[in-house]
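In what follows, a single structure is set out as structure tokens and then discussed.
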There are 2 protein chains.
Amino acid sequence: QKRILITGGAGFLGSHLVDRLMLLGHQVTVLDNFFTGAKTTVSHWIGHPNFELVRHDVVNPYMTECDQIYHLACPASPPHYQYNSIKTVKTSFLGTLNMLGLAKRTKARFLIASTSEVYGDPEVHPQTEEYWGNVNPIGPRACYDEGKRVAETLTYGYQNQNNVDVRVVRIFNTYGPRMNPFDGRVVSNFIVQALKGEDLTVYGDGKQTRSFQFVHDLVDGMILLMNSDETRPTNVGSSDEFTIGEFAELVREIVEKVQEEDGSKPAKQCKVIYKPIPVDDPKQRRADTSRAKESLGWETRWSVRMGLEEMVRYYKAKLDEGN
Amino acid sequence: QKRILITGGAGFLGSHLVDRLMLLGHQVTVLDNFFTGAKTTVSHWIGHPNFELVRHDVVNPYMTECDQIYHLACPASPPHYQYNSIKTVKTSFLGTLNMLGLAKRTKARFLIASTSEVYGDPEVHPQTEEYWGNVNPIGPRACYDEGKRVAETLTYGYQNQNNVDVRVVRIFNTYGPRMNPFDGRVVSNFIVQALKGEDLTVYGDGKQTRSFQFVHDLVDGMILLMNSDETRPTNVGSSDEFTIGEFAELVREIVEKVQEEDGSKPAKQCKVIYKPIPVDDPKQRRADTSRAKESLGWETRWSVRMGLEEMVRYYKAKLDEGN
Ligand SMILES: NC(=O)c1ccc[n+]([C@@H]2O[C@H](COP(=O)([O-])OP(=O)(O)OC[C@H]3O[C@@H](n4cnc5c(N)ncnc54)[C@H](O)[C@@H]3O)[C@@H](O)[C@H]2O)c1
Ligand SMILES: NC(=O)c1ccc[n+]([C@@H]2O[C@H](COP(=O)([O-])OP(=O)(O)OC[C@H]3O[C@@H](n4cnc5c(N)ncnc54)[C@H](O)[C@@H]3O)[C@@H](O)[C@H]2O)c1
Ligand SMILES: O=c1ccn([C@@H]2O[C@H](COP(=O)(O)OP(=O)(O)O)[C@@H](O)[C@H]2O)c(=O)[nH]1
Ligand SMILES: O=c1ccn([C@@H]2O[C@H](COP(=O)(O)OP(=O)(O)O)[C@@H](O)[C@H]2O)c(=O)[nH]1
Ligand SMILES: O=c1ccn([C@@H]2O[C@H](COP(=O)(O)OP(=O)(O)O)[C@@H](O)[C@H]2O)c(=O)[nH]1
Ligand SMILES: O=c1ccn([C@@H]2O[C@H](COP(=O)(O)OP(=O)(O)O)[C@@H](O)[C@H]2O)c(=O)[nH]1
């Protein structure tokens, strides 16, 4: 049994990590300011003797004693992180600095949730950890991308200078239940649109690509990495690449299948419509996960089809409750 | 007459900027923690009613009233900025944050001394401001390069969110009198070595390139930019490109010429020797300065030969004093 601190633990990824670590019998403390997360994502643990939920903004120092820190606090969806770009870059820099300071004082092992966005709009495909990236330092995504890059810089600074025991996971697009249905990311947008019978909004010509992993695979990878000896940055993501146009079709198909099974299939099919592409939107992205495979023995277990079906059922139940 | 704040004003570039702005009749306040700078670089102004020197570390907030801020505080030479990499990235991030906060409160115009290092080891040559760069986020230069990149991100964040009036100069390699002779940069190293009759240390095979501008040209550019309407990042640097091997020959030749004129030429010529190349050392660098030319009417006025001669005489006088 370990004392584990999870920043951003009330968010989408964080809450799944909490579930897994609680089930493994650890003592878990969550720090969250509830900017994009919500108490409801972890409310099932409130009252459990091993669980604690603290309202705290990581830009401010925090003291506690612990053995491991999973540092996830940071808005992750473009509309959220662009809402207050100064705050985003402060969260990334100061939040990471404070948690590294805490790790140094307590000798806790520190894992940061970095991102495939450190590769920006990549010119190397698929992306290996050796690739230095192609990021616009002053564009609308910079607060997030450069914030994460400099957070990695700080992390290895603490490793080299203060012997902090660090792990860096570069997370590729991840989806699953509890993703905020209104956070503007593509998977939640498409599913909610399809379930409501609205048009699916593809940005640009839909030829840009992404690879989507199901949240349980990611949580596997994070826990494996934390408890491994791999201290280099490690990609965790899917290598199953879709164009966004294809992906819209797939979501529509799976939503229809689920609706058919439930006897709730509407008469008319929803359409795919095209909207302007956001500035600096990466044109391609696919994880090279050789390192995760070699160092952690990690592999994805969920196919996109299985994962999407699970998520569609979850959102459908939520929407039905709402009615 | 304006109230002008210069952070890092006791450093190499800062002290030349102080000279120029003092001669123009402004009120100048210097903030410096004397990490790589020294009081002696501005001691000739101490006691002047328009001048003030404050020992202050920019990672801490600072309050004053002013009209313009030139934000230069940051170690610039690789051995110095790698000495304490955490401190370097803190100086870059927190120093810039504090000075932007000050600019926001006072409505002062804010200029940051950024760097050609935001382009890293460039794959586009020469480098225009549109190029996004090729920087290793976790290498030994990252504390400086990523620190400056995120400082630019913050700067444009304050422009967009808080209407702070910002200027960003991306400075390419600059040399001149008052460069710390022991700061490890190539121009000071070669000149001091040649003057002492020691071997000139070329790192690697000497085929990597740089373009060197004389400090007076840079100061012209910074003052022009501060007082122009150009708010985009602007390169200021030389487009006269040398391999480091060629540059060693040039320095040796100019030192010999100066020594000959002084009647102090030693019998034996100093040699060029080769040392290991530092990790991630950029292979090529040359400024595309079309923007500075169009927006500011800026052009270099000093040839490398003229500038080097001036600097050799300065160092020679210093060394002779020392004897
Ligand atoms: N989901 C993905 O596809 C993905 C991909 C790459 C990286 N990541 C990273 O994983 C982490 C979690 O992402 P997510 O998808 O769960 O996003 P999310 O927005 O659902 O969760 C982020 C959590 O951090 C909290 N938070 C934000 N700022 C905070 C602050 N200053 N102090 C304290 N708490 C704060 C939010 O309230 C929220 O609970 C983030 O660091 C993100 O950058 C996610
Ligand atoms: N000289 C170049 O070729 C070059 C090229 C690109 C960019 N720059 C930038 O120009 C600026 C000045 O460079 P320089 O060549 O004069 O270097 P320098 O080291 O001579 O000067 C830096 C000054 O900043 C001060 N300083 C450092 N950390 C500080 C802190 N935390 N608080 C207060 N003061 C601090 C130092 O004491 C020094 O006086 C730097 O921002 C550097 O990144 C220089
Ligand atoms: O238990 C701790 C220890 C440190 N810090 C913060 O972490 C940062 C970095 O701490 P460190 O000790 O590395 O450096 P310093 O305090 O010298 O900046 C500082 O802002 C501390 O306030 C924290 O939040 N919790
Ligand atoms: O309703 C939407 C939301 C997003 N996208 C596109 O889907 C891709 C993934 O977007 P998301 O915001 O989920 O993640 P990121 O761009 O950070 O990978 C991007 O190309 C978006 O432009 C889309 O076509 N429709
Ligand atoms: O005159 C000032 C005003 C602000 N700041 C610092 O600048 C930073 C950013 O200030 P801002 O007002 O933008 O944001 P805050 O973080 O205070 O909300 C903060 O650390 C302030 O302490 C400063 O050093 N001098
Ligand atoms: O004694 C020296 C110092 C530097 N360099 C090389 O000269 C170039 C410029 O180095 P400097 O540190 O002056 O600036 P920067 O690398 O930041 O451009 C780099 O390729 C260095 O490896 C060299 O050959 N000998």
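Read-outs: derived from the displayed coordinates by stated rules, not from any lab. Because the structure is predicted, anything quoted here is derived from the model rather than measured. So basically every Cβ, Gly included, is an ideal-geometry build from the backbone, and we count neighbours across all protein chains shown.
Computed values, structure above
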{"item": "Taking A:231, A:29 and counting other C-beta atoms within 10 Å, the order from fewest to most", "result": "A:231, A:29"}
{"item": "Inter-label distance, nm, simple model (7 Å from Cα along the C-beta direction), residue B:63/residue A:317", "result": "5.5 nm"}
{"item": "Cross-link reach list, aspartates and glutamates versus residue A:90, counting only Cα pairs under 13 Å and skipping chain neighbours closer than eight places", "result": "A:57, A:145, A:146"}
{"item": "Cut-off under 5 Å, modelled amide H: who pairs with residue B:115 long-range", "result": "B:171"}
{"item": "Quarter of the Cα convex hull surface for region A:1-47, i.e. its orientation-mean projected area (nm²)", "result": "2.9 nm²"}
{"item": "Percentage, to the nearest whole number, of Cα pairs in chain B over 32 Å apart", "result": "26 percent"}
{"item": "A:21, A:94 arranged by Cβ crowding within 10 Å, fewest neighbours leading", "result": "A:94, A:21"}
{"item": "Pairs of Cα atoms farther than 17 Å apart, region A:226-313, %", "result": "65 percent"}
{"item": "Whole-Hz ³J(HN,Hα) from phi, Karplus 6.51 cos²θ - 1.76 cosθ + 1.60, for region A:96-104, glycine and proline x", "result": "5, 4, 5, 6, 5, x, 5, 4, 5"}
{"item": "Computed log₁₀ I(q)/I(0) - Debye formula, equal Cα scatterers, no solvent, region B:205-245, q 0.15, 0.21, 0.28, 0.31 Å⁻¹", "result": "-0.47, -0.71, -0.93, -1.02"}
{"item": "Percent of Cα-Cα distances greater than 16 Å, calculated over region A:115-159", "result": "36 percent"}
{"item": "Anchor residue A:107: lysines whose Cα lies under 17 Å away (excluding residues fewer than 8 positions away in-chain)", "result": "A:2"}
{"item": "Kirkwood hydrodynamic radius (C-alpha pairs) into Stokes-Einstein, region A:173-259, 4 °C and 1.567 mPa s, D in µm²/s", "result": "90 µm²/s"}
{"item": "Sorted largest first, extent of region B:112-264 alpha carbons per principal axis (Å)", "result": "60, 34, 26"}
{"item": "Alpha-carbon gyration tensor eigenvalues x 5, square-rooted, for region B:65-129, Å", "result": "25, 17, 9"}
{"item": "Relative exposure of B:224, B:17, A:23, judged by other C-beta atoms within 10 Å (fewest first)", "result": "A:23, B:224, B:17"}
{"item": "5 angstrom amide H check on residue B:270, placed H, neighbours 5+ away", "result": "none"}
{"item": "Net lengthening on full extension, residue B:271/residue B:20 (0.36 nm per residue, minus Cα-Cα)", "result": "86.6 nm"}
{"item": "Gyration tensor over alpha-carbon atoms, the protein assembly as shown, equivalent ellipsoid semi-axes in Å", "result": "51, 25, 24"}
{"item": "Quotient of C-alpha Rg and 2.2 N^0.38 Å, computed over region B:148-203", "result": "1.79"}
{"item": "Karplus (6.51, -1.76, 1.60) ³J(HN,Hα), θ = phi - 60°, over region A:107-120, in Hz, Gly and Pro reported as x", "result": "6, 6, 7, 10, 10, 9, 7, 8, 8, 4, 5, 5, 8, x"}
{"item": "Size of electric dipole in region B:38-111: Cβ of Lys, Arg +1 and of Asp, Glu -1, about Cα centre, debye, nearest 20", "result": "180 debye"}
{"item": "Peptide-level mean, for B:139-151, of C-beta atoms on other protein chains within 10 Å", "result": "5"}
{"item": "Rg(Cα)/(2.2 N^0.38 Å) for region A:1-127, N = residue count", "result": "1.07"}
{"item": "Total formal charge among the other residues, if their Cβ is under 15 angstrom from that of residue B:207, Lys/Arg +1 and Asp/Glu -1", "result": "-1"}
{"item": "Sequence-distant residues sharing a close amide H with residue A:213 (under 5 Å, placed H)", "result": "A:174, A:175, A:238"}
{"item": "C-alpha long axis of helix A:12-23 to longest principal axis of chain A, angle in °", "result": "60 degrees"}
{"item": "Coarse-grained scattering of region A:38-78 at q = 0.13, 0.26 Å⁻¹, given as base-10 log I(q)/I(0) from a Debye sum over alpha-carbon atoms", "result": "-0.38, -1.27"}
{"item": "Calculated label separations, residue B:52, copies of the chain, 7 Å along the beta-carbon direction, nm", "result": "4.6"}
